[in-house]
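Working notes, structure below.
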Amino acid sequence: MFELNRVVRPSIQKLKPYSSARDEYSGSASVFLDANENPFGELNRYPDPYQNELKELLAKEKGVQKGQIFIGNGSDEVIDLAFRIFCEPGIDQALTFAPTYGMYNVSAEINNVDLITDPLNENFEIDVDALKERIKNPLIKLIFVCSPNNPTGNLIDLNIIKSILQDFKGILVVDEAYIDFSSGDSAIRLIDQYPNLIVSQTFSKAWGLAAARVGVAYASDEIIQLYNKVKPPYNVSILNQQAAIKSLRNKEEFDRRRRAILEEKARLHKVLQTLDLVEKVYPSEANFFLVKVKDANQTYEELVNRKIIVRNRNKVIANCIRITIGSKEENDKLMDALKSIG
Ligand code: PMP
């Protein structure tokens, strides 16, 4: 049986959160003299600390309750707060599977939490038997699974995610930053069933709002209340909130752009496979390809010389680069450059 209280840091359980002016009064009065704001200007008032309008739209979009949503300053905030809520610094541990998104490790180090990193197998899948042994360790409070995984591009099987949720007494964060590009199902529909699941998504990728910094966590009411307790009071600016609201109201544009990216992805895939310098294009459920080339450092440098920047992942996976799907023009430039490198 999973018990939330056993995985929340005692200091967080005891924490009496900061009560902001907008917590104490949020109605529609006409004179607000409670928050030491400036009466002049356009951005002079503090934003809604709980982002109600955005959450209402998201709840409809995703088929969840408003109380099952947390909005972060990017999903990097969702990751950081998970450490701060569930892992006692210097004592508790967390687990992830490499190669994966680098921020889990950075966030763990910032929070002085030991992050155990088990290798994914040659198909970048989780070794289920090794995992079963691992999660017997009671110090592990948090597991991060990235699906589709960055930088490998593959989905992690939902059955494996379910089996972790069943066996693990801690919290599983499924990072779905790239799920909108994927043909696979989100784990969101599991949050009603599994009280130890957090699904993290973002407006930075398929929604095209990386500059706005809006990340989302979907989880049980109880977990969301913990997030609300620990977050800075006004963690998401009104500009961020409005940007996300605007994009949610224009779903046609979202669909059109996503389709365009997926079409470009198919076009790039075909060309990459014909190039001599390419040894393997890994299957991708995201908006990037992990590509094995003959010499990643050299290919990377040659592309830099042509003013094209890709991500050199050679240190993580030998001779691999990660290429984001760009616009038609950007992809044309990339393909011309790769052809000229030979
Ligand atoms: N998760 C993954 C897997 C990512 O690749 C990224 C961004 N590169 C993030 C989370 C963070 O996204 P953001 O903070 O922009 O929401």
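The values are calculated or read from the model by the stated rules, or taken from the named source; none is laboratory data. Quick caveat: nothing in here was measured; it's all calculated off a predicted structure. Cβ atoms come from the backbone with ideal geometry, glycine included; neighbour counts cover every protein chain shown. All accessible areas refer to the heavy atoms of the entire protein, side chains included, with ligands and DNA or RNA removed. Shrake-Rupley method; radii C 1.70, N 1.55, O 1.52, S 1.80 Å.
The table below gives the values:
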| item | result |
| --- | --- |
| Segment 65-182: C-alpha gyration tensor shape, a/c 1.5 cut-off, then a/b vs b/c | rounded |
| For segment 12-26 versus segment 279-342, the gap between their alpha-carbon centres in whole angstrom | 48 Å |
| Accessible area per residue, Å², segment 150-202 with all protein chains present, probe 1.4 Å | 31 Å² |
| Partner aspartates and glutamates for Lys132 [C-alpha distance under 14 Å; skip if fewer than 8 residues away on the same chain] | Asp118, Asp167 |
| Mean separation of Cα contacts under 8 Å (6+ apart) over length of the chain, as relative contact order % | 17 percent |
| Rounded, prolate or oblate (a/c below 1.5 giving rounded, otherwise prolate when a/b exceeds b/c) for the chain by Cα gyration tensor | oblate |
| Mean Cβ neighbour count within 10 Å, used as a protection proxy, ranking 171-184, 228-241, 143-156 highest first | 143-156, 171-184, 228-241 |
| Net charge contributed by nearby residues that have their C-beta within less than 14 Å of Tyr25 (K/R +1, D/E -1) | -3 |
| Ordering of 96-106, 200-210 by burial proxy (mean other Cβ atoms within 10 Å per residue, highest first) | 200-210, 96-106 |
| Choice from Ala212, Ala29, Ala243 showing the highest fluctuation, given a GNM over the chain with Cα pairs closer than 10 Å | Ala29 |
| Packing-based ranking, highest mean first, of 326-334, 38-46 given that Cβ atoms within 10 Å are counted | 326-334, 38-46 |
| Three semi-axes of the equivalent ellipsoid, segment 252-341, Cα gyration tensor, whole Å, largest first | 22, 14, 12 |
| Spherically averaged projected area of segment 1-120 from its Cα convex hull (nm²) | 11.3 nm² |
| Antiparallel content of DSSP bridges confined to segment 48-249, in %, to 5 | 30 percent |
| Mean Kyte hydropathy of 1.0 or more with a Cα span along the axis of at least 27 Å, helices from DSSP in the chain | none |
| Of Lys66/Lys265; Lys292/Lys333; Lys205/Lys229, those spanning more than 23 Å from alpha-carbon to alpha-carbon | Lys66/Lys265; Lys205/Lys229 |
| Gyration tensor (alpha-carbon) shape descriptor, segment 48-249, a/c threshold 1.5 | prolate |
| Estimated [θ] at 222 nm from DSSP helical runs (n ≥ 4, -39500 (n - 2.57)) normalised by residues in the chain, nearest 500 | -11000 deg cm²/dmol |
